[in-house]
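A.B. asks: Quick one: structure below, then a few questions.
The values are calculated or read from the model by the stated rules, or taken from the named source; none is laboratory data. The shown structure was predicted, so the numbers you read here are calculated from the model rather than taken from an experiment. Neighbour counts run over all protein chains shown; Cβ positions are idealised from the backbone, glycine included. Ligands, DNA and RNA are excluded from the accessible area calculation, which covers all protein heavy atoms including side chains. Shrake-Rupley method; radii C 1.70, N 1.55, O 1.52, S 1.80 Å.
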Amino acid sequence: MLHLFRRSLLSMIGLILILFIIFIAIFAPYLAIQHPTYVEVSTEQGTRRIEERWDINFQDKFIPPNSEHYFGTDDFGRDIYSMVIYGTQISLKICLMVVFSATIIGIILGGIAGYFGGKIDEILMRVTDVFLSIPYLILAIAVAAALGRSIENIMMALVLVWWPQYARLLRGQVLSIRENQYVEAARSIGANNWRILFRHVIPNSFAPLLVQITLDLGAVLLVAAGLSFIGLGAPPGTAEWGLMISSGRMHMFHSWWYATFPGLAIVITVLGFNLLGDGIRDITDPKLRR
Amino acid sequence: MKTWEYIVRRLLLLIPVLIGVTIITFVISHVIPADPAIAFAGGPKAQPETIERIREELHLNEPLLVQYFYYLNDLLHLNFGKSYLESRPVLESITQYFPATFELTIFAMLISVPLGILGGIISAIRRNKLSDHITRIIAILGYSMPIFWLALMLQYLLAYQFPILPLEGRLSIGLIAPQSITGLYVIDSILTGNINTLSASLYHLILPSFTLGFATMALLLRMTRSSMLEVMGMDYVRTARAKGLSERVVIMKHALRNALIPTITVSGLQFGALLGGAVLTESIFNWPGMGRFAANAVMGLDFNSVMGFTIIVAIIYVIANLIVDLLYAVIDPRVKLGGE
Amino acid sequence: MRLIPDPPGKIIDGEIKFKDEDLIKKTDLELQNIRGNEISMIFQEPMTALNPVFKIGDQIAEVIILHESNPKLNNKNYRFYNKRKIRKKMEKQAFEKAIEALKMVNIPDAEKVANQYPHECSGGMRQRAMIAMMLACDPDLLIADEPTTALDVTVQAQILALMKDLQKRKGTAIWLITHNLGIIAEMCDRVGVMYAGYIVEMGSTELIFDNPDHPYTRGLIGSIPKITEDIDELEIIPGNVPNLIEPPSGCRFHPRCKFCKQICKEKPPELIEVEKNHYVACHRYKEVKYSELVDFLKKK
Amino acid sequence: MEKDQIIKAKNIKEYFPIRKGIFSTVKEYVKAVDNVNFYIKKGETFGLVGESGCGKTTLGRTLIQLIPPTSGTVCFMGKNLSEISKSELRKLRLHMQIVFQDPSSSLNPRMTVKQIIGEPLKINKKIKNEEINKKVLLLLKTVGLDEQHMYRFPHEFSGGQKQRIGVARALALNPDFIVLDEPTSALDVSVQAKILNLFKDLQKKFNLTYLFITHDLSVIKYISDRVAVMYAGKIVELSTTKELFKKQLHPYSIALLCCIPIPDPKIKKEFIVIKGEVPSLINPPPGCKFHPRCPKRISICKKIEPELIEIKKEHFVACHLYQKKV
């Protein structure tokens, strides 16, 4: 598999970027200078949840990047470098969970609809039509607004917005793979529908799905950051990139570093996913391999 | 299938989609929140009397199905409730803000579509040459960047550090908006012959519309490039060469028209992405459009406005898609117009 | 015709003589004036060879405008032509000529077909349109690359008959590329047999079928079932076609050849004239001939 | 007589609905197979020949119940397949197998050869892994492949080898009847010869019955005992191969045979070109479906559809020209 990546420099860069981000997420406690503490608080709805707290030190606020604070400090004197480092954990958690859940829902519903066709298919397609007829960012905003402010709610909103795409993609794949003669061959040797669906059809529809998943990891990250930016995600004070940009925005003109570095972190991560996705597409799609 | 039949069919298909949209927004507003009344009242800090009043107003004590019909009835009368932030009906706010957003998105499209297509063609023709690599890198950066961050960076660089473009707003301070005819400042200025407002509004449009359109441009660039490359390997392009046509004619006439078909579809769909992106862009450039209105509503827990905005944008988007679909049928003679 | 794009395809060496001029040395512009005008080509897949977004008549008219209507009007001033006022008139004339061309290939209502898009026509119809397009400028040479492989037998017969008829009327040379030996026997005067990038045998059709001297040609003819004979078991050429990335040494057919000797593994044979109008590239064609004689006598 | 018929089709119809118009209502049908009757004798090769889109592939699928017929009955080994219970049908179906046209799309690209050939055994017979291994190896050898091929994936094989794998899979359940759906039309001529010979060998060895579907008359001539000619969803002529190639009766069969280029330059014949193209199966012409193209049509052809009638022994024709004589 690896030798295929070597053919394309850009996808190789993407792979390295992603491995780099994963490395940072895993070793964040060793790389960061400051560390958050976690406290349990009760929410407006009366439930309890864990919240992330960073030490506040007003003497150190708005220090420009230097050898001690590589990315400078923010309006509460917190080290932006450390917050960006810890931000990888939250970001990766959001995109992996969202894309994974949406894919599972999409595979099951899209697979069944595409394979069995008929009424089930008709209903599913109309439902996805409706979902796709609302711009996804706006739908996510509405759902997240209804659920209330928290990272979990953002993830839920994003899954709700994202699954129809996968259902569509997989349905299309299943429809075309169903035409292959090996499916008919499986039927003629007595395989039942479920075996055909899960053994012959779905495994073969994975390649384009994989490309879409990789590209969507980046897209989900962008949308999640956007939601945080307008105040729908993590509670204030959390090391979440979108949120940091949002609070840095007020101080842009005197402390440019505040919003810049979290943004760069987003760009690098999303770029990694996009390059990787493009690379996988080039490898799996023989049409573009020319 | 005849063209009119196709149009009728598409219009009829609009009905279930619109009903579906209302169901989704209904579920979001009445079912998902832990207590819809609290959500509509503006969060848990609202007065108990207000919450009680809203409960009555929205019939929240009735069964869900009844609630839905009340909701649908309201929508049919264009009653989207009251905006708590602005203390006036949501519809009124949105009609006021809509032209600004419309102007911004149209300009974003005008920038991104031609640039994207042109870049894609150049990239495909000069495949694996330097200009191809540069355009591809711009493209991939374009859809890897959070739009609000790009907006902040451009604003900081081009309006603050090197102040060559205005910081925010639709017009320079001190200028009075042109007489409102269409609500689009550029067109109104032309209609009223007001050069000052025309140049000022164009000047103010540059940064926001470029920011908003950047991701779309990147996406179109990539689409055009790959479909150009695919088309150029097709048999009919070889036929065109075998006829003795020059490379220029082969590409511009035979390949391009086929390659643009998928691009057109995507351009239409991108209209929705632009409306979404407007929420983020407008709030940074302080653009008085419905995107900024929605962002403020979210921050201020003005749930009514958020929902009103959502449903109106959905309707606009559905209609935009319909137009694209009809256009598509004109461009591609192969579209059997919905026949299966 | 130099239609393989460069890269990846490149003519490494050699020359292609067309009317005593070497095509390899021609400039792009000169080639464009030859393509479609003096040499034309029809392709295997009529379904994809026509551009789906233009009307059939317009696609044919395009060639006519390009090469015929105005002798001055070559690619150089194609752009110029776009601006002229007479454009409409010329297009109309060319379109009428296109309809004529469609009539020539026996399309029943040519006016209607000319105004249709390719997807509205059947495969046979499209292949006819393709032939009409490529013959519109009376080329001297028509290259037909498997023109009927994608078509049904009854339609195939129509197309072949049409090509024969047009050849008689217009005197066009046809270069037919096919894997179907039946079509070769019906249509061709002379044949070249290719194996793994080499021409292994070449000559008049009758000689090749009656008296094949290359073992590959013999195997090929023996391995096809025929409707005119009763056969119990088909002949088989052992092994598979080699890939061209690492072809076998010497004669490329030697691993599958029952006449193979040491020399075949070492030296690629040259194409030599064994009798008038009959060329073979085989070191051991005499032995092949001899064994043929033996077989023949055995049968008797 | 009835006893040596392994499979018998009676009044088979296979219609596919087409949805159209504003409300996607069913307005028309593709009549892929329209009222077809025939039987196949045990141990013979029955050829089914016709041009693309004449319904021959659909008919093959219908016979082995991959698609249930719209109407009509199929009797297999004396049992009416539409009357027996589901579990019995499942069992019987295993005795009917199919080999497909396109060897690259008929093998799942993500399964090894062992998995592909072993799958029918795994599903239908509860046997151990080792035994499957043994059986798969045996099957591979039967079709001319060997042990080293067992753990490879389909894309590592040539077209002819893939087709051999497809044959091995079909043989895995010891079927009695195999539908061969254009098994050689995607292959080169020299490979085609090998596969055709393989079919002949296997038939002798396992006493198989074939339904051989193809558009290539010369292949039919080589391999089959009896032939049916199909046109636009109907059988127009049915006879022994010898008889058919000697004396065709239906004008379509005559034209079809004339259209075939013969690989012998000494036989220079003019093509008898029949005009027009194969009609669509959605709106076939009324009466005899061949009449618009038929050089010998008479007035009745436009109105009444001819029935398939036995003119001579074992020679059936559906044409008005011959019905008068009977």
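A.B. asks: What net charge is computed for the residues neighbouring D:Gly47, neighbours being all others with C-beta under 11 Å from the C-beta of D:Gly47, Lys and Arg scored +1, Asp and Glu -1? Present the calculation step by step, with values, prior to reporting the outcome.
C.D. replies: On the way: positive: D:Lys56, D:Lys221, D:Arg226; negative: D:Glu44, D:Asp216, D:Asp225.
Net charge in that neighbourhood comes out at 0.
A.B. asks: Can you tell me how the stretch C:22-178 classifies by the Cα gyration tensor, rounded, prolate or oblate, using a/c under 1.5 as the rounded cut? Walk me through the numbers on the way to the answer.
C.D. replies: Working: a/c = 1.88, a/b = 1.27, b/c = 1.48.
Oblate is the answer for the stretch C:22-178, as a/c is 1.5 or above yet b/c matches or exceeds a/b.
A.B. asks: Between B:Lys82 and residues 5 or more places away or on another chain, which pairs have amide H atoms under 5 Å apart, with H built 1.01 Å from N, and which residues are they?
C.D. replies: B:Val90
A.B. asks: What are the ³J(HN,Hα) couplings of the stretch D:226-242, residue after residue, when phi is run through the Karplus curve with 6.51, -1.76, 1.60 and θ = phi - 60°? Round to Hz, x for glycine and proline.
C.D. replies: Result, rounded to whole Hz: 10, 10, 10, 9, 10, 9, 6, x, 10, 8, 9, 8, 9, 6, 6, 4, 4.
A.B. asks: A follow-up question, please. Each residue of the stretch D:190-200 in order: what ³J(HN,Hα) in whole Hz does its phi give by Karplus 6.51 cos²θ - 1.76 cosθ + 1.60, θ = phi - 60°, with x for Gly and Pro?
C.D. replies: Whole-Hz 3J(HN,Hα) from phi for the stretch D:190-200: 5, 6, 3, 4, 5, 5, 4, 5, 4, 4, 4.
A.B. asks: Still on this structure, please answer the following. For D:Thr70, C:Thr148, D:Thr58, give me the order by solvent-accessible area with a 1.4 Å probe, most accessible first, ignoring ligands, DNA and RNA.
C.D. replies: D:Thr70, D:Thr58, C:Thr148
A.B. asks: Now a separate question. Compare each residue of the stretch A:152-186 in its chain alone against the assembly with all protein chains, and report those whose accessible area goes down by 30 Å² or more; 1.4 Å probe, heavy atoms.
C.D. replies: A:Gln181, A:Tyr182, A:Glu184, A:Ala185
A.B. asks: Volume per residue, Å³, of the convex hull around the alpha-carbon atoms of the protein assembly as shown? The partial results should precede the final answer.
C.D. replies: Details: hull volume 299.5 nm³, N = 1256.
Roughly 238 Å³ of hull volume per residue.
A.B. asks: Count charges around D:Val99 for me, please; just the other residues with Cβ under 15 Å from its Cβ, Lys/Arg as +1, Asp/Glu as -1. Intermediate values should be presented prior to the final figure.
C.D. replies: Numbers: positive: A:Arg187, D:Lys56, D:Arg61, D:Lys162, D:Arg164, D:Arg169, D:Lys194, D:Lys200; negative: A:Glu184, D:Asp102, D:Asp176, D:Asp181, D:Glu182, D:Asp201.
Once positives and negatives cancel, what remains is +2.
A.B. asks: Still on this structure: Can you tell me the FRET efficiency between C:Val241 and A:Ser8 if r is taken as the Cβ-Cβ distance and R0 is 22 Å, rounded to the nearest 0.05?
C.D. replies: Values: r = 32 Å, r/R0 = 1.44.
Approximately 0.10, to the nearest 0.05.
A.B. asks: May I ask you to compute the full-extension gain from B:Ala34 to B:Asp235, defined as 0.36 nm times their residue separation minus their alpha-carbon distance, rounded to one decimal in nm?
C.D. replies: Details: separation 201, 0.36 × 201 = 72.36 nm, distance 5.95 nm.
In short, 66.4 nm is gained.
A.B. asks: Quick one: accessible surface of A:Asp282, probe radius 1.4 Å, all protein chains present, in square angstrom to the nearest 10.
C.D. replies: Roughly 60 Å² of A:Asp282 is accessible to a 1.4 Å probe.
A.B. asks: Further question: Around C:Ile174, which amide H atoms from residues at least 5 apart in sequence, or from another chain, sit under 5 Å from its own amide H, with H modelled in the peptide plane?
C.D. replies: It is C:Leu142, by chain and number.
A.B. asks: I would also like to ask the following. Provide the packing ranking of D:205-212, B:132-139, i.e. peptides ordered by the mean count of other C-beta atoms within 10 Å per residue, highest first.
C.D. replies: Values: D:205-212: 19.2, B:132-139: 17.5.
Packing proxy ranking, top to bottom: D:205-212, B:132-139.
A.B. asks: Then there is this: What is the set of long-range amide H partners of C:Val200 at a cut-off below 5 Å, with H atoms built 1.01 Å from backbone N?
C.D. replies: Placed amide hydrogens put C:Val193, C:Met194, C:Tyr195 under 5 Å from C:Val200.
A.B. asks: Continuing with this model, one more query. Looking at the protein assembly as shown, what % of its DSSP beta bridges pair antiparallel, to the nearest 5?
C.D. replies: Around 65 percent antiparallel, to the nearest 5.
A.B. asks: Further, regarding this structure: Which residues belonging to the stretch A:118-139 lose at least 10 Å² of 1.4 Å-probe accessible area when the assembly is complete, relative to their chain isolated?
C.D. replies: A:Arg126, A:Asp129, A:Val130, A:Phe131, A:Leu132, A:Ser133, A:Ile134, A:Pro135, A:Tyr136, A:Leu137, A:Ile138, A:Leu139
A.B. asks: Right, something else. Convert each backbone phi in the stretch A:72-81 into a coupling constant with the Karplus relation 6.51 cos²θ - 1.76 cosθ + 1.60 (shift: θ = phi - 60°), then list the ³J(HN,Hα) values in order as whole Hz, x for Gly and Pro.
C.D. replies: Each residue's phi maps through the Karplus curve to give x, 10, 9, 5, 10, x, 8, 7, 5, 4 Hz.
A.B. asks: Sticking with this one: With a probe of 1.4 Å, find how much accessible area the protein assembly as shown has per residue, and write the answer as a whole number in Å². Could the numbers behind the result be given before it?
C.D. replies: Numbers: 57100 Å² over 1256 residues.
That works out to 45 Å² per residue.
A.B. asks: Shape call for chain B from the C-alpha gyration tensor, a ≥ b ≥ c root eigenvalues: rounded (a/c under 1.5), prolate (a/b greater than b/c) or oblate?
C.D. replies: On the way: a/c = 2.25, a/b = 1.45, b/c = 1.55.
Oblate, because a/c is 1.5 or more while a/b does not exceed b/c.
A.B. asks: Here is a further query. Please report, as a whole percent, how much of the solvent-accessible surface of the stretch C:22-178 comes from carbon and sulfur atoms (probe radius 1.4 Å). Before the final figure, lay out the partial values.
C.D. replies: Working: 3400 of 6780 Å².
The computed percentage sits at 50.
A.B. asks: Any chance you could give the angle, 0 to 90 degrees and rounded to 10, that helix B:64-76 forms with the longest Cα principal axis of chain B?
C.D. replies: 70 degrees
A.B. asks: A further question follows. Going down the list D:Lys56/D:Lys302; D:Lys41/D:Lys204; D:Lys246/D:Lys302, which pairs span over 21 Å between their C-alpha atoms?
C.D. replies: Pairs exceeding the cut-off: D:Lys56/D:Lys302; D:Lys246/D:Lys302.
A.B. asks: Now for a different question. Counting only C-alpha contacts under 8 Å and six or more residues apart, can you give the relative contact order of chain C as a whole percent?
C.D. replies: On the way: 385 pairs, mean separation 41.8, N = 300.
14 percent.
A.B. asks: Using the Kirkwood formula on the Cα atoms of the stretch D:126-279, what hydrodynamic radius do you get, in angstrom to one decimal? Display every interim value, and only then the final one.
C.D. replies: Values: mean 1/r = 0.0555 Å⁻¹.
Roughly 18.0 Å, rounded to one decimal.
A.B. asks: Could you list the square roots of 5 times each eigenvalue of the Cα gyration tensor of the stretch B:96-295, that is, the equivalent ellipsoid semi-axes, sorted largest first and rounded to whole Å? Please report the intermediate quantities before stating the final value.
C.D. replies: Working: eigenvalues 271, 68, 43 Å².
For the stretch B:96-295, the semi-axes come out at 37, 18, 15 Å.
A.B. asks: Another question, if that's okay. Using only protein heavy atoms and a 1.4 angstrom probe, determine the accessible area buried between C and D, summed over both sides, in Å² to the nearest 100. Before the final figure, lay out the partial values.
C.D. replies: Details: alone 18660 and 17260 Å², together 32340 Å².
The contact between D and C buries close to 3600 Å².
A.B. asks: Which residues among the stretch D:211-241 fall inside the zone where the amide N is under 15 Å from a point 7 Å beyond the Cα of D:Ser52, along Cα→Cβ?
C.D. replies: Flagged as within label range: D:214-216.
A.B. asks: Sticking to Cα atoms, compute the Rg of the stretch B:249-330 to one decimal and its Dmax as the biggest Cα-Cα distance, whole number, in Å.
C.D. replies: 17.3, 57
A.B. asks: Given R₀ = 60 Å, what would the calculated FRET efficiency be for B:Leu157 paired with C:Glu38, taking r from the Cβ atoms and rounding to 0.05?
C.D. replies: Details: r = 60 Å, r/R0 = 1.00.
Given R0 = 60 Å and the Cβ-Cβ separation, E is 0.50.
A.B. asks: In debye to the nearest 20, how big a dipole does the protein assembly as shown give about its Cα centre with +1 on each Lys and Arg Cβ and -1 on each Asp and Glu Cβ?
C.D. replies: Values: 143 positive and 119 negative charges, 853 e Å.
The dipole magnitude comes to about 4100 debye.
A.B. asks: Let me know the Kirkwood hydrodynamic radius for the stretch D:190-326, please, with Cα pairs as the basis and the value in Å to one decimal. Numbers along the way, then the final one.
C.D. replies: Numbers: mean 1/r = 0.0601 Å⁻¹.
After inverting the pairwise mean of 1/r, the radius is 16.6 Å.
A.B. asks: So, one more: Excluding ligands, DNA and RNA, what is the accessible area buried between chains C and B, summed over both sides, using a 1.4 Å probe, to the nearest 100 Å²? Write out the running numbers ahead of the final one.
C.D. replies: Values: alone 18660 and 18530 Å², together 34860 Å².
Chains C and B together bury roughly 2300 Å² of accessible area.
A.B. asks: Once the piece of chain linking B:Lys45 and B:Asn128 is laid out straight, how much longer is it, given 0.36 nm per residue of separation minus the C-alpha distance between them?
C.D. replies: Details: separation 83, 0.36 × 83 = 29.88 nm, distance 6.02 nm.
Contour length minus Cα-Cα distance gives 23.9 nm.
A.B. asks: Of the accessible area of the stretch B:34-79, with the probe set at 1.4 angstrom, what percent is carbon plus sulfur?
C.D. replies: Values: 1800 of 2990 Å².
Answer for the stretch B:34-79 is 60 percent, counting heavy atoms of protein chains only.
A.B. asks: What FRET efficiency would be calculated for the residue pair A:Trp194, A:Phe100, taking the C-beta separation as r and a Förster radius of 25 Å, to the nearest 0.05? Write down the numbers at each step before the final one.
C.D. replies: Details: r = 23 Å, r/R0 = 0.90.
After rounding, the FRET efficiency stands at 0.65.
A.B. asks: How do A:Trp241, A:Trp163 stack up against each other in accessible area, from largest to smallest, with a 1.4 angstrom probe?
C.D. replies: Details: A:Trp241 5, A:Trp163 25 Å².
Sorted by accessible area, descending: A:Trp163, A:Trp241.
A.B. asks: I would also like to ask the following. Taking Cα atoms, how many degrees apart are the long axis of helix B:290-299 and the longest axis of chain B, rounded to 10 and kept between 0 and 90?
C.D. replies: 50 degrees
A.B. asks: Let me test this: with uniform point scatterers at the alpha carbons of chain C, what is the Debye-based log₁₀ I(q)/I(0) at q = 0.07 1/Å?
C.D. replies: -0.36
A.B. asks: Taking every DSSP beta bridge with both residues inside chain C, roughly what % is antiparallel (nearest 5)?
C.D. replies: Numbers: 14 of 24 bridges.
In chain C, approximately 60 percent of DSSP beta bridges are antiparallel ones.
A.B. asks: Sticking with this one: Nearest 100 Å² is fine: how much accessible area is buried between B and A, summed over both sides, with a 1.4 Å probe?
C.D. replies: Chains B and A together bury roughly 4300 Å² of accessible area.
A.B. asks: Any idea what angle helix C:285-299 forms with the longest principal axis of chain C, computed on alpha-carbon atoms, 0 to 90 degrees, nearest 10?
C.D. replies: Tilt of helix C:285-299: around 70 degrees.
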